[in-house]
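The values are calculated or read from the model by the stated rules, or taken from the named source; none is laboratory data. Not measured: the values here are computed from a predicted model. For neighbour counting, all protein chains shown are included, and Cβ atoms are generated from backbone atoms with ideal geometry for every residue, glycine included. Keep in mind that these areas ignore ligands, DNA and RNA; they rest on the heavy atoms of the full protein, side chains included. Shrake-Rupley method; radii C 1.70, N 1.55, O 1.52, S 1.80 Å.
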Amino acid sequence: MMRILTALLILMAAATVSASPRPVNVLFILTDNQPASILGAYGNPDVRTPNIDRLAQQGMLFRNAFAANSMCSPTRATLMTGLMPSQHGVHNWLDDSLMDKWPRDWSAIAEYRTLPLTLANRGYQTAMIGKWHLGQPWEPSVGFQHWVTFTDGHTVDFWNNTIIENGEVYRLENRHTVDFFAEKAAQYLEQYDAGKPFYLQLNLNGPYLNPPSNYGPARNRHYSSYLESEFASFPRVAFNANVAHQLIEPETPDFLIKKHLEAIAMHNDRETMANVASQNTVVDDAVGQVLKALEASGLADSTLVIFSSDQGNFYGQHGLWQHAVVTSPTSLYEAAMNIPLIVRHPGAVRSGSENPRLIGQYDLPVTILDYLGLNVPLEGSPGRSFSGLLRGKDTSW
């Protein structure tokens with residue numbers, strides 16, 4: 001009798017192991033300076049983003065997701081740590097001109113336990129491909145294992161950049177960096193070792209929306225198709241009076257005057273509008289390429305896909321172009337702070353759904369850990385998990 005019971009217990013244990021759910025992979029696509037309002041999924045009639053729109057149809061779109069800051073380094077630090085800028089201490093973009101003064105392995109958030117480090121410590125393969133802008137780019141940082149980036153923190157030019165790929169440094173000639181990073185992400189998925197789940201963060205360095213990259217004519221395959229567009233969704237208003245006044249103030253520093261003059265040049269300029277629209281469509285192509293690679297590798301059903309942006313930018317709203325910090329004081333209008341957030345996981349996240357709940361960027365890291373079933377809260381984070389919303393549960397928020 002005891003032998004029979006023992007055999008039954010062994011069979012039950014084996015069945016439990018075989019039925020245990022497969023760990024969920026994570027593909028986090030983060031764009032650069034892309035406001036929600038410029039995407040077709042959020043109602044924009046002028047800018048073509050069919051792949052992002054399709055992703056929204058397959059998952060849950062959040063209408064009220066907001067950036068924790070109006071600049072990229074602070075928001076990226078928040079997405080890595082789950083902390084507010086007032087906690088992690090990064091309040092503005094990191095100045096590339098100071099890079100030579102930083103230790104070669106310096107990271108602005110090295111002292112914190114980050115999302116990728118937490119996942120790496122629990123068996124995940126971690127990869128960062130694209131823009132970093134949180135310190136030195138030469139070596140994998142804050143828990144990432146696979147590492148492909150470029151030497152600049154921000155995008156001076158989409159073309160002809162120096163790439164760092166897992167310690168190898170080389171020039172990328174005559175290639176749009178958004179296309180390149182998407183190709184590298186697709187390769188990562190095609191060569192993925194199925195023995196471990198993965199966390200892949202694809203930090204596309206577009207559409208950007210700032211000069212010099214986005215001022216005037218663009219050098220990409222979509223620019224010419226936008227030149228005759230009316231751009232009804234791009235506001236045509238008088239230039240912002242706050243900025244105009246600062247141009248004649250004697251105490252305005254030279255670097256800020258330069259930014260104001262650039263913003264004036266971009267304002268209501270048709271070629272700049274076509275540039276901005278085309279860079280968004282280049283980003284959409286990249287999203288489509290990576291999602292196609294995910295599908296071809298048989299990973300779509302086992303992967304949580306998150307699409308978002310570090311923060312938005314003005315493209316004519318309130319008489320402004322560029323970052324919210326172009327004015328003094330900073331103009332924290334919704335137009336520049338409302339970011340896209342789309343989440344897809346087939347069979348778990350209801351397709352074609354929308355959610356109006358207010359989401360902060362500090363909520364994302366804790367939500368990812370909770371969704372993956374990892375009970376490891378990020379210490380000090382004000383973030384609350386909205387994984388219940390993703391699973392269709394009636395949750396307090």
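Things worth noting here:
- Per-residue packing, averaged as other Cβ atoms within 10 Å, sorts the ranges 86-94, 382-390 into the order 382-390, 86-94, beginning with the highest.
- Separation of the residue 348 and residue 183 label points, Cα + 7 Å toward Cβ, nm: 3.2
- Ordered from largest to smallest accessible area (heavy atoms of protein chains, 1.4 Å probe), the residues 321, 138 come out as 138, 321.
- Anisotropy class of the stretch 16-133 from Cα gyration tensor, a/c 1.5 cut: oblate
- Residue 251 contributes an accessible area of around 130 Å² to the protein surface, as traced by a 1.4 Å probe with all chains present.
- Cα centroid separation - the stretch 370-397 against the stretch 129-180, whole Å: 32
- Dipole of the chain computed with +1 at Lys/Arg Cβ and -1 at Asp/Glu Cβ about the Cα centre; of 182, 154, 275, farthest Cα towards the positive end is 182.
- Within the chain, percent of DSSP bridges classed antiparallel, to nearest 5: 40
- J(HN,Hα) series, the stretch 23-31, from Karplus relation 6.51 cos²θ - 1.76 cosθ + 1.60, nearest Hz, glycine and proline x: x, 7, 7, 10, 10, 10, 9, 10, 9
- Packing-based ranking, highest mean first, of 192-204, 56-68 given that Cβ atoms within 10 Å are counted: 56-68, 192-204
- Placing dummy labels 7 Å off each Cα toward the beta-carbon, the span from residue 251 to residue 102 is 3.1 nm.
- Ligands, DNA and RNA excluded, the heavy atoms of residue 139 present near 100 Å² of accessible surface to a 1.4 Å solvent probe.
- Around the amide H of residue 205, modelled in the peptide plane, lie the amide H atoms of 131, all under 5 Å away and 5 or more residues distant in sequence or on another chain.
- Accessible heavy-atom area order of 301, 284, 46, highest first, probe of 1.4 Å: 301, 46, 284
- Between the alpha-carbon centres of the stretch 215-241 and the stretch 269-322 there is a gap of 16 Å.
- 0 to 90° range, to nearest 10: angle between helix 270-296 axis and the chain longest Cα axis: 10
- Mean Cα-pair separation over length for the chain, i.e. relative contact order, pairs under 8 Å, 6 or more apart, %: 29
- Close lysine pairs were tallied over the chain: pairs 8 or more places apart or on different chains with Cα atoms under 23 Å apart number 7.
- Ordering of 367-376, 108-117 by burial proxy (mean other Cβ atoms within 10 Å per residue, highest first): 108-117, 367-376
- Dipole magnitude for the stretch 20-113: about 400 debye, using +1 per Lys or Arg Cβ and -1 per Asp or Glu Cβ, origin at the Cα centre.
- Charge tally in the Cβ shell below 12 Å around residue 395, where Lys, Arg are +1 and Asp, Glu are -1, residue 395 excluded: +2
- Each label was represented as a point 7 Å from its Cα along the Cα-to-Cβ direction; for residue 334 and residue 396 these points are 2.7 nm apart.
- Accessible area per residue for the chain, computed on protein heavy atoms with a 1.4 Å probe, is 42 Å².
- Element breakdown for the chain at a 1.4 angstrom probe: carbon and sulfur atoms account for 54% of the accessible area.
- Here percent of Cα pairs over 32 Å apart was computed from the coordinates, and among (i) 45; (ii) 63; (iii) 34 the match is (iii).
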